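I have placed the structure first, in the form of structure tokens, so that the comments after it can refer back to it.
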Amino acid sequence: FCPPEVLTDSTVGSDFKPDPRAGDVWALGAVMLEMAGGVGLMRRLLGWPENVEPSVLRGEEVAATFGPGQLQASLRYLLKKDGLEGICPAKVLSSEKLMQLLAGQLQVDIVTRLTMMEVERFMAEQ
């Protein structure tokens, strides 16, 4: 689960070095999303086929889908489209606490993305 800052980097050969810790938080959020909503949920949210190659365009699609306040709206749309409203995994994904955590982990902007310590603290409080 490649983080958007890596996907959108078009400066190959430059000194750009994304923070791997921020990427790990993104990847953990992506895995948790898949665990809660079923394998392929992230891909379906993005409207991607099963096998895609990383590219700047893919990074832009991630940014549009997971931009500020977009996660819940994207999930609601997909669950309604798939006819899954009111049944599992929709019930799992309607957990306010889980949505808060996922929204913090899946922030496109690494400055506002949760750190691993914040993820640990959030989970310890639950």
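The values are calculated or read from the model by the stated rules, or taken from the named source; none is laboratory data. Note that the structure is a prediction, hence the values are computed from the model and not measured. Virtual Cβ from ideal backbone geometry, glycine too; neighbours counted across all protein chains shown. These area figures cover heavy atoms from the full protein model, side chains too; ligands, DNA and RNA do not enter into them. Shrake-Rupley method; radii C 1.70, N 1.55, O 1.52, S 1.80 Å.
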**Report entry** Charge sum, other residues only, whose C-beta stays under 13 Å from residue 124's C-beta, Lys/Arg counted +1 and Asp/Glu -1
**Finding:** -1
Report summary line: Looks like region 20-82, by Cα gyration tensor root eigenvalues a ≥ b ≥ c and the a/c under 1.5 rounded cutoff (else prolate when a/b is bigger than b/c, oblate otherwise), is rounded
Query raised in the report: residue 40: net charge of surrounding residues, Cβ under 13 Å, Lys/Arg +1, Asp/Glu -1, itself excluded?
Result: -1
Requested in this report: For a quick protection proxy, order the peptides 108-119, 58-69, 23-34 by their average other-Cβ count within 10 Å, most packed first.
Outcome: 23-34, 58-69, 108-119
Query - Neighbour net charge for residue 27 - beta-carbon separation under 11 angstrom, K R +1, D E -1 - result: -1
Query raised in the report: Using a 1.4 Å probe, what is the accessible area per residue for region 38-81, in Å²?
Result: 62 Å²
Report summary line: Listed by chain and number, the aspartates and glutamates with an alpha carbon less than 14 angstrom from that of residue 17, same-chain partners under 8 positions apart left out, are 5, 9
